[in-house]
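The next block holds one structure in the form of C-alpha cells; read it before the comments.
The values are calculated or read from the model by the stated rules, or taken from the named source; none is laboratory data. Everything numeric in this text was worked out from a predicted model, so none of it was measured. Cβ atoms come from the backbone with ideal geometry, glycine included; neighbour counts cover every protein chain shown.
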C-alpha cells in the first residue's frame, strides 16, 4: 500500500526523526501512517524523499543541502565540505536524477536509487561515503580519517547499472543531544559528566598528558644512504606513533633528503605523520613534532643518530635531561687501545628513555675534528682512536680546519665517545692539543665540538705521542670515563681530580686547604676519594616501589648528594635513605619510564673533609 506524507503542499514521501534540527525547513502539519506501521518501519521499508529545486546543476548521486524553500519545494545546492562543516544538519538527501539549474527533482533521504554506477565498490552490502572532493558519493573510506566521516548508505548491487540504498539522516551535532550543554567552547575542550545537573558539560583541562613518540623502535627502521636520503620504513607491515595524543598506524615507507652541509638536520614526523626535515632545532616538549633522527652531513659523508623516543616518556624531563645530563653509560664498553688498533666491547648507553646497544665488539671508529670555527669534519672507519697524516705522522686539531702534525716527542689527547649511531657507534674527537709534556696532555681540557652532541657519552681519554720510532703515534695511556657523569660533551665538566688543569701550579694545594689526622696519614689520604656514580633504574627494577643500590666503601659518615630532576620528586615522590654501604630509593608512584640519578659521594675522614 502506498502512503503519502503531505507537508504544507510539499510533496514529500518522508518522516525524519530529527527533522526539527533542519534550518530553512517547512512546518510538518501531520503524518498519517496506515497498516499499523511505525516510524521504524517507515525508515526501513519506505522511501523518504524531498521535492527539490536545484540552485546550480546537480548530478545524479550528488548530496543535496538545503539552501532555502518555496511553497511546494525545498531549494537545494550541491553539498560541499565547507557547507557541511558549518551546517551539517542541512543535509537533505541524494539526488535520484540529474537536476538542471532551476529545475525540479527529488533528493532521497531514505530509499533505493537504481541505475547508478557502483562498479568501483568492493562488493554488495559495502558502505557508501560522502565524497568531499566532488560533492558526490564514493565507495571507499576517506583516506584522511580525521575528516568528519558521513556514511550515505550501502551498495545493493555492484554494477555499472547498479543500485544503492540511501539512509541519510540529518547529522546531529553534540550540542543538539538532549543531555549535553555546550557553552563557550574552545579548542581542546572535552566532555565531562556533571552528576548534580545530570548533564555532560564541555570543560577545559589545564594539564593533560598527551602521548607523543614511537610505540617502539623494533617495528620501524631508520637509515641514511650515501646520497643523504633518510628512509623511515615499517620493519614488517606497520608501526605506531602517537602525535599529540593521537595514535597513528603508519604503513608506508617515507623518505627525505638531507642537503644542508656542515650542520645538523633534524628529521621528524609532523602532526599528520609525514616525515619532514628542518635545520632549526626541534622543540622536545612539543607533542606535534615527533623526533626521528639527527643527521649530520660532511660533503658525501653522513652520520645518523637514532631519536625514536617512546610515546610514554615525560617530555619536560626529556628536555631537562637533554640539556643538563646528556647520554648516560649503563654497561660494557670496555676499551683497549694500541698503536694501530682499538677494541671496545659491546655495551649499553641511555639517551634519556632510549636504550641503545652498540652490538658486539667494535674495532673501528669515526674521527671528528673542527672545520675551522663552524661545523665538523667526519672520517669513517678509522682503526685507531687517532688521526695520521698521509705522510704517516700523528695529527692534532688546531682549529684551522686542517689537521696539523704533532711535534716530535709531543703528545695529543684524543677523546672517545659512545653514540646511538647504528652504523659506527664509537666516535673519536681528534686531540686539540700539541703538548710537550705528558702532564700537560693529561690536564688538557675537554674538546670543543661544533655540534649539539647530547647523544654522545664520553667513555675514554686516550693519549698518543709522536716519537722517532712511531711517528704515527705511540699509545701512551687511556683514562676511563664510563662511570663519570661528564655532562653534554660540548660543555663537558670533568669531575675526576686527576684531569683538572693547573694542579701543579704554585700554591694550588695550600696546607690550609688540607685537614687530616697526624696518625696514619697515608691511609687518610687514600680515603680522600670523591666519587660520582651514575645510576639508571629501569621500569621493571622496582620492588614494592623500592630499589636498593650498594656502593662499595660507603659509610654512614660519608656525605651523599643525590641529583635528580625536580619532576622525579613531584611525579613519583622520590625519596632515599642510606644505611652503611646501601642507598635505598623509594617512590609512591611506580615510574613508567627509566630514572637516571646521579649519586655524589664525599668520603668522610678524621680531622675534617676535603
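Report, by residue number, each residue of segment 226-256 that is over 25 Å from residue 210 (Cβ atoms), without any contact (Cβ under 8 Å) to a residue 24 or more places away in the chain and part of a loop (DSSP other than H, G, I, E, B).
Selection gives 235, 236, 237, 253.
Might you let me know whether segment 416-424 holds any residue that is under 21 Å from residue 474 (Cβ atoms) and surrounded by fewer than 22 Cβ atoms within 10 Å (Cβ to Cβ)? It would help to see each step written out before you state the result.
So the first thing to find is which residues in segment 416-424 are under 21 Å from residue 474 (Cβ atoms), and the list is 416.
Then drop every residue that is not surrounded by fewer than 22 Cβ atoms within 10 Å (Cβ to Cβ), which leaves none.
The answer is no; no qualifying residue exists.
What residue, among those in segment 212-225 that are in a loop (DSSP other than H, G, I, E, B) and under 21 Å from residue 278 (Cβ atoms), is farthest from the chain's Cα centre (by Cα)? First the steps, then the outcome.
Our first condition is that a residue be in a loop (DSSP other than H, G, I, E, B); within segment 212-225, this holds for 212, 215-219, 225.
Checking which are under 21 Å from residue 278 (Cβ atoms) leaves us with 212, 225.
On the way: 212: 5, 225: 22 Å.
It comes out as 225.
Going through 236, 249, 230 one at a time, which residue ends up being more than 24 Å from residue 317 (Cβ to Cβ) and buried (at least 17 other Cβ atoms within 10 Å of the Cβ)? Write out each step before concluding.
Details: 236 fails: buried (at least 17 other Cβ atoms within 10 Å of the Cβ); 249 fails: buried (at least 17 other Cβ atoms within 10 Å of the Cβ).
Just one listed residue meets the conditions, 230.
Which number in (1) at pLDDT below 85; (2) surrounded by fewer than 20 Cβ atoms within 10 Å (Cβ to Cβ); (3) in the same structural domain as residue 80 (by TED's automatic domain parsing) marks the one condition that residue 131 misses?
With respect to (1) at pLDDT below 85; (2) surrounded by fewer than 20 Cβ atoms within 10 Å (Cβ to Cβ); (3) in the same structural domain as residue 80 (by TED's automatic domain parsing), residue 131 is out only on (2).
Can you tell me which residue among 123, 111 is out of contact with any helix residue (DSSP H, G or I) (no Cβ under 6 Å at 6 or more places or on another chain) and in a loop (DSSP other than H, G, I, E, B)? Walk me through how you get there before you give the answer.
Working: 111 fails: in a loop (DSSP other than H, G, I, E, B).
Criteria check complete, one pass: 123.
Yes or no, residue by residue, for (1) in contact with a strand residue (DSSP E or B) (Cβ under 9 Å, 6 or more places away or on another chain); (2) under 22 Å from residue 485 (Cα atoms):
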site: 339; (1), (2): yes, no
site: 351; (1), (2): yes, yes
site: 355; (1), (2): yes, yes
site: 366; (1), (2): yes, no
site: 371; (1), (2): yes, no
site: 374; (1), (2): no, no
site: 378; (1), (2): yes, no
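I'm trying to understand the selection: among the residues of segment 394-410, which are out of contact with any strand residue (DSSP E or B) (no Cβ under 7 Å at 6 or more places or on another chain) and in contact (Cβ under 8 Å) with a residue 60 or more places away in the chain?
Once the filter is applied, which keeps residues that are out of contact with any strand residue (DSSP E or B) (no Cβ under 7 Å at 6 or more places or on another chain) and in contact (Cβ under 8 Å) with a residue 60 or more places away in the chain, segment 394-410 yields only 408.
Out of 197, 178, 163, 184, report the one residue that is part of a loop (DSSP other than H, G, I, E, B), at negative phi and modelled with pLDDT of 75 or more.
On the way: 178 fails: modelled with pLDDT of 75 or more; 163 fails: part of a loop (DSSP other than H, G, I, E, B); 184 fails: at negative phi.
Only one candidate passes the filter, namely 197.
State all residues of segment 376-400 that are surrounded by fewer than 15 Cβ atoms within 10 Å (Cβ to Cβ), within 35 Å of the chain's Cα centre (by Cα) and part of a loop (DSSP other than H, G, I, E, B); if no residue qualifies, say none.
383
Would you confirm whether or not segment 83-91 contains a residue that is within 30 Å of residue 252 (Cα to Cα), surrounded by 14 or more Cβ atoms within 10 Å (Cβ to Cβ) and either modelled with pLDDT of 90 or more or touching a strand residue (DSSP E or B) at 6+ places or on another chain (Cβ under 8 Å) (or both)? I'd like the intermediate steps shown before the answer.
Let us first name the residues in segment 83-91 that are within 30 Å of residue 252 (Cα to Cα), namely 85.
Okay, now just the ones that are also surrounded by 14 or more Cβ atoms within 10 Å (Cβ to Cβ), so none.
No: zero hits.
Would you say residue 293 is part of a strand (DSSP E or B), in contact with a strand residue (DSSP E or B) (Cβ under 8 Å, 6 or more places away or on another chain) and surrounded by 14 or more Cβ atoms within 10 Å (Cβ to Cβ)? So that I can check it myself, show each step before the final result.
Values: part of a strand (DSSP E or B): yes; in contact with a strand residue (DSSP E or B) (Cβ under 8 Å, 6 or more places away or on another chain): yes; surrounded by 14 or more Cβ atoms within 10 Å (Cβ to Cβ): yes.
Yes.
Filter segment 429-459 for residues that are buried (at least 24 other Cβ atoms within 10 Å of the Cβ) and part of a strand (DSSP E or B) and give the result.
The answer is 429, 456, 457, 458, 459.
Residues checked against (1) surrounded by fewer than 21 Cβ atoms within 10 Å (Cβ to Cβ); (2) modelled with pLDDT of 90 or more; (3) assigned to a strand (DSSP E or B):
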site: 297; (1), (2), (3): yes, yes, yes
site: 302; (1), (2), (3): no, yes, yes
site: 312; (1), (2), (3): yes, no, no
site: 331; (1), (2), (3): yes, yes, yes
site: 339; (1), (2), (3): yes, yes, no
site: 348; (1), (2), (3): yes, yes, yes
site: 360; (1), (2), (3): yes, yes, no
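Of the residues in segment 545-569, how many are farther than 22 Å from residue 326 by Cα, part of a strand (DSSP E or B) and without any contact (Cβ under 8 Å) to a residue 40 or more places away in the chain?
So the answer is 3.
Any residue in segment 82-103 that's within 15 Å of residue 54 (Cβ to Cβ) and assigned by TED's automatic domain parsing to the domain that holds residue 50: show its pairings with residues that are in a loop (DSSP other than H, G, I, E, B) and at pLDDT 80 or above at Cβ separation under 6 Å, as long as the two are six or more apart or on different chains.
Partner pairs satisfying both residue conditions: 95/60; 95/62; 97/60; 98/59; 98/60; 100/57; 101/56; 101/57.
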